[in-house]
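Only one structure is covered here, and it is reproduced in the block below.
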Amino acid sequence: MNKLYIGNLTENVTTVDLESLFKEWKIPFIGQFLVKTGYAFVDCPDDNCAMKAIDTLSGKVELHGKSIEVEHSVPKRQRSRKLQIRNIPPHLQWEVLDSLLAQYGTVESCEQVNTETETAVVNVTYSTKENARQAIEKLNGYMLENYSLKVTYIPDEMAAQQSSQQPPSQTRRGFGQRGPPRQMSPSGMVRPKQQQSDVPLRIVVPTQFVGAIIGKEGATIRNITKQTQSKIDIHRKDNAGAAEKPISIHSTPEGCTAACKMIMEIMQKEAQDTKFTEEIPLKILAHNNFVGRLIGKEGRNLKKIEQDTDTKITISPLQDLTLYNPERTITIKNSIEACSKAEEEIMKKIRESYDNDMTAMNLQAHLIPGLNLKALGLFPPSSPVLPPPSVPPAAYPPFGQQAESETVHVFIPALAVGAIIGKKGQHIKQLSRYAAASIKIAPAEGPDAKQRMVIITGQPEAQFKAQGRIYSKLKEENFFGPKEEVKLETHIKVPSHAAGRVIGKGGKTVNELQNLTSAEVVVPRDQLPDENDQVIVKITGHFFASQLAQRKIQEILSQVKRQQQKIVQSGQPQQRRK
């Protein structure tokens, strides 16, 4: 692990240049630099020296006008399950890092590496090569609290030994880092690779059929994965003693459907062989966030799927949901062929909802850099990591500056106050700690008030977390119907002289805001400024629509504030905007 790769070099870089560079930065090395066109290799005496070279030079030092890259030199046969993650925020909680790493599979170990840098470094070992491959692909460059993570392979000597012990006929070239072997058509042309869905198909099966699905020494499940080009996880250890076990199928939509159909056929045959007489329906697990859109207005979407596929479909009640189990069970009854068609249509709807939400999440990621959307519990564990925002938005302060605290008023049904507060105030206290925000419930305006105002004070990320959990809680506690989307009214106070900027000429800005965010945005014209010379902007919509509208309005206010500061600095008289 002491051999280094030095990349992004110009063609005229010499051994003398590299030796001088390492001596200048007091980084020990052994022997000569092996210089190639555009890159080089060198050995360091120990791990600490290698880490010092990476942390000191990589992306920070230029040689002949180009910023060089320095990382561990890892032969392909040793690129297996082990990764090194650098530039981790120094005060990041381990729970956040653990949840981030766990999105790509089982983490066997995670060890912190001692370095001289301010940021943290960890060595991570995943349970499989594929898990590690996905992690390096998604996490390298991922923005976490304004720090861009650097992820590289580190040598896995065990993998190299196993690779060298395999006979040549069993070694599958191009597998692992480059993906599975190419599938050839009879004519010898390479088939275009289908895109794997980010949303796995999750089903539950009776526990007594798990053995038949796996088969003797795993032969049956291997056959399914091979034929359908899928990855199948049978969660046998989940819910010990439970009558049913979940199965996750990762593949293209077509591959998921094919694998599911094969599993249903295996269960049917096993039922016949064991004289199991009860009906075996297909049960799909879906995150509650997507179920409302699957059902559709007045149940139209679900009814159409039932009619088109000639199946009977039921969905488990909201009361079965918990904070730790956000999935609902969709039960489909009829023949295997009919159930398979229904699965295809249901997952199509769920994937559409997922894609729409991911678009909204990406918008939020661009508006609030470093926001760990996964940790909020609003989306299923299968969601991929968000790409880092390419341009930091004007609404968010530059690195090193503290984001300003904001106050937002969220109106909830009066009957929901008890659910938000919780027994002896426990829920609101936990929510306040979780979001790092001040959360208070204002007194009722009268005995017959149908709404109560929740006052949330905190930075943008705190607002996102607190409001997100309030929306989720209202849905969980059935204050909105199973077919009804949670839409709340939110108030932001803005300086009266900035209200015109929010409205825009002839209402142009506010109309654009509504079109962009899908939220209703209103600046009441008849209101008078309060004692702080502020007026209210009303926002009504579902969670992401409201969040996007809030961030856009804060961006407008930031622009107004910057313009005022420039005017003050230049000594020009301020003009009130009408």
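The trypsin sites (Lys or Arg not before Pro) of segment 5-88 meeting both criteria, a DSSP state outside H, G, I, E and B (loop) and at most 14 other C-beta atoms within 10 angstrom of the site's C-beta, are K26, K60. Run through segment 244-294 and list the trypsin sites (Lys or Arg not before Pro) located in a DSSP loop whose Cβ has at most 11 other Cβ atoms within 10 Å. Those satisfying the criteria are K275.
Were the residues from S570 through S109 laid out at 0.36 nm apart, the gain over their Cα-Cα distance would be 160.2 nm.
Cα centroid separation, segment 196-274 to segment 18-59: 49 Å.
Segment 457-497 and segment 506-572 have Cα centres separated by 18 Å. Amide H contacts of Y142: L149, each under 5 Å away and 5 or more positions distant or on a separate chain (H built 1.01 Å from N in the peptide plane; Pro and chain starts excluded). Which of the three applies to segment 483-539, rounded, prolate or oblate, going by the alpha-carbon gyration tensor with a ≥ b ≥ c and a/c under 1.5 meaning rounded? Note, shape of segment 483-539 comes out oblate.
Relative to the current alpha-carbon distance between A219 and I441, full extension at 0.36 nm per residue lengthens the span by 74.0 nm.
Out of every Cα-Cα pair that segment 492-578 contains, those further apart than 20 angstrom amount to 36 percent.
Seen from all directions on average, segment 212-350 presents a Cα convex hull projection of 9.1 nm². Selection among F33, Q103, I54 by position relative to the dipole of segment 1-104 gives Q103 as farthest towards the positive end (Cβ unit charges, Cα centre). Heavy-atom accessible area with a 1.4 Å probe sorts R469, R236, largest first, into R236, R469. Measuring r between the beta carbons of E11 and N123 and using R0 = 25 Å, the FRET efficiency lands at 0.15.
Using the Cβ of I336 as centre and a radius below 14 Å, the other residues enclosed give a net charge of -2, where K and R count +1 and D and E count -1.
Across segment 401-441, the residues whose backbone nitrogen lies under 11 Å from the label position 7 Å along the beta-carbon direction of T457 are 405-408, 438-440.
Considering only DSSP states other than H, G, I, E and B, which chymotrypsin sites (Phe, Trp or Tyr not before Pro) in segment 1-98 qualify as loop sites with at most 15 other Cβ atoms within 10 Å? For chymotrypsin sites (Phe, Trp or Tyr not before Pro) across segment 1-98 that sit outside H, G, I, E and B with at most 15 neighbouring Cβ atoms in 10 Å, the list reads W25.
If eta is 1.306 mPa s and T is 10 °C, what Stokes-Einstein diffusion coefficient results for segment 21-133, Kirkwood Rh from Cα pairs, in µm²/s?
100
Once the mean of 1/r is taken over each pair of separate Cα atoms and inverted, segment 208-275 shows a Kirkwood hydrodynamic radius of 12.4 Å.
The values are calculated or read from the model by the stated rules, or taken from the named source; none is laboratory data. Owing to the predicted nature of the structure, the values given are computational and were not obtained by experimental measurement. Methodologically, a virtual Cβ is constructed for each residue, glycine included, from the backbone with ideal geometry; neighbour enumeration extends over all protein chains shown. Protein only, heavy atoms only, side chains kept; ligands, DNA and RNA dropped before computing areas. Shrake-Rupley method; radii C 1.70, N 1.55, O 1.52, S 1.80 Å.
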